[in-house]
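As structure tokens, the structure follows; a few thoughts come after it.
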């Protein structure tokens, strides 16, 4: 601070103007005109770091928060009254939860050991488009004397668990309901740590205490860094007490397996829960009733509901459609002036880079939830932001237009009948050195499908996982990139096979995971002849220039031996993973047009996609027996 020197503030040169003078264009055209914008200073070490290293970014973030947060002093009489009612509801939640314990004067700690509270007032947008006032009392957790020693990591439901839950529900004809816990953290178990707080004035008044009284915290309230973890532990302990089995694959998923047979599932994302179970089972309904009685909920929903931003719609045949239509419409374009558009090679400003990250972040969430077809482009553009140009902005805006044009896209969770054997199929592909820094991209698509897909039939495929990401290891050749993609694909499928095995198998031996995975069929699909040939050999011999690649493939070879992993080769236009490395390719578009169906194309001669087109074969057309024969055999025929 000693290095700073005082300067005259701009505000000292601004004169007060009356409201009449401020009206009209004259006010805004005057060079001396200034507008005051108020925002809070940082309240944590992390925010101070951002404030000092990127003042512009912090300022923009503060303005966004101000745009969402409501200033009570500026509300009209009607809205002020509505928020007072919302505050009263929140105060009741704290009182009913006994979140704070009043302390005698002689037992109160010094004021510096107590943390404070504040109100967060916002308008909550409802599904019908109307706004509802929402008031939340938040503890200033950064003031906690033990802040650095608190546990903060709390698990949440994975996308794979969501996909598998809906897949099981469609397969077993379960009823799926969604429940949202209201004031979740306040309903958790008693806070196990010693912590003191000065509640908001409204809470003090409701407790019959003087303003500024110090109380002891008895519940994991909003604002505490370990509140989410305490809430998770509360839920987990309760569900365990009901006889539900916590999944090894995802600690936010619980299985109901009476007599070792899967009959129901529960998955939770903080306070948002999915319940899938039999429609007319008294035991399951009794269990659900206990859960409803334990916590306070908003209205439970089924058939059509929104879960963590994704719209879920149950169909007549028992399948599910997933789509975030409202979210897509709100994805912003990156603004660039008409003059800047004429300079495509010009570098982007820091403001434009920030806008690029925001737009790509919104697109990335959409891609991760239900839109694998934009995953590749989003990942590639994100890797270009630091060295982006105006041309990058134009491409990103084109991707926004493309995404919005496909806003009605829906991901299908098929209802594959229970008697139909199913297995996991993983398409793994790579694009060598296709990023600005020379690194490679891997595209992996994991699906659950009938085993008849292995026999060449056109079958329904349920998307379980999709990934378009940078390959961490430097790949010196396309073959090395394809090998790494195959390894990553097998690893992801191994996890999916184990989780499905947990669900459908009666006995699960966590000390012998391979045996669980071995009971669930798995097939790895590559369009690399090099990778396929090496994995088809009885023993993989380490030799030649790509010894590191061969060593990498040993783990896939091991999986072939211990988990009965199958390996298939397909040409590039039958490779679903291709759309996850390059983007805007036709494989996933064809997959959607076929209503989430696909085929494993058999080709003993391993003809390339170009050669197939020359022979008049379509992408998923099986090669006629005549064409599969060698020239001499064809002539003999």
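No value in this document is a laboratory result; all are computed from the given coordinates. Computed from a predicted structure; not experimentally measured. Reconstructed Cβ throughout: ideal geometry from the backbone, glycine too, with neighbour counts over all protein chains shown.
Could you tell me what percent of the DSSP beta bridges with both partners in the chain are antiparallel, to the nearest 5?
Numbers: 68 of 78 bridges.
Looking only at bridges with both residues in the chain, the antiparallel portion is about 85 percent.
What shape does region 172-316 have by the C-alpha gyration tensor, where a ≥ b ≥ c are the square roots of the eigenvalues, rounded means a/c under 1.5, and otherwise prolate means a/b greater than b/c and oblate the rest? Since a/c reaches 1.5 and a/b is larger than b/c, the shape of region 172-316 is classed as prolate.
In square nanometres, what is one fourth of the surface area of the convex hull spanned by the alpha carbons of region 417-636? Provide the component values of the computation, followed by the final result.
On the way: hull surface 56.9 nm².
Quarter of the Cα hull surface area: 14.2 nm².
Does region 402-548 classify as rounded, prolate or oblate by the C-alpha gyration tensor (a ≥ b ≥ c root eigenvalues; a/c under 1.5 gives rounded; else a/b over b/c gives prolate, otherwise oblate)? The partial results should precede the final answer.
On the way: a/c = 1.95, a/b = 1.24, b/c = 1.57.
Taking the square roots of the gyration eigenvalues as a ≥ b ≥ c, region 402-548 is oblate.
With contacts taken as Cα pairs under 8 Å and at least 6 residues apart, the chain reaches a relative contact order of 10 percent. Distance between the modelled labels on residue 562 and residue 153, one decimal in nanometres: 2.4 nm (7 Å Cα→Cβ projection).
Taken over the Cα atoms of region 82-287, the convex hull encloses 152 Å³ per residue. Helix 159-172 and the longest principal axis of the Cα set of the chain meet at an angle near 60°.
Entry note, region 459-590: relative contact order of 27 percent, from Cα contacts under 8 Å with a spacing of 6+ residues. Neighbour counts of other Cβ atoms within 10 Å put 411, 207 in the fewest-to-most order 207, 411. Name the residues of region 97-120 whose amide N is less than 14 Å from a point 7 angstrom out from the Cα of residue 89 along the C-beta direction? Backbone N within reach: none found.
When the distances between all Cα atoms of region 221-300 are binned every 10 Å from zero, what whole-number percent does each bin get? P(r) for region 221-300, in whole percents per bin: 16, 53, 26, 5, 0. Think of it as helices only: each DSSP H run of n ≥ 4 in the chain is worth -39500 (n - 2.57), and spread over all residues that comes to -11000 deg cm²/dmol at 222 nm.
Over region 67-218, what is the relative contact order in whole percent, taking alpha-carbon pairs under 8 Å and six or more residues apart? Reported as a whole number, the value is 32 percent. Each residue, residue 96 and residue 60, gets one label point 7 Å from its Cα in the Cβ direction; the gap between the two is 4.2 nm. Residue exposure proxy: 252, 308, 221, ordered by other Cβ atoms within 10 angstrom of their Cβ from fewest to most, comes out as 308, 252, 221. Could you calculate the FRET efficiency of residue 296 with residue 469 from 1/(1 + (r/R0)^6), where r is the beta carbon distance between them and R0 is 45 Å, rounded to 0.05? The value I calculate is 0.65.
In the set [x] 1.11; [y] 1.02; [z] 1.40, the label that goes with Rg/Rh (Cα atoms, Kirkwood Rh) computed for this structure is [y]. Projected label points at residue 125 and residue 71, each 7 Å from Cα along the beta carbon direction, are separated by 2.3 nanometres.
In this calculation the C-beta distance from residue 592 to residue 241 is compared with R0 = 41 Å, giving a FRET efficiency of 0.40.
Which whole number in µm²/s is D for region 110-160 by Stokes-Einstein, with the Kirkwood Rh taken over Cα pairs at 20 °C and 1.002 mPa s? Working shown, then result.
Details: Rh = 14.5 Å.
In µm²/s, the coefficient is 147.
Expressed as a whole percent, the proportion of Cα-Cα pairs in region 325-405 lying more than 15 Å apart is 51%.
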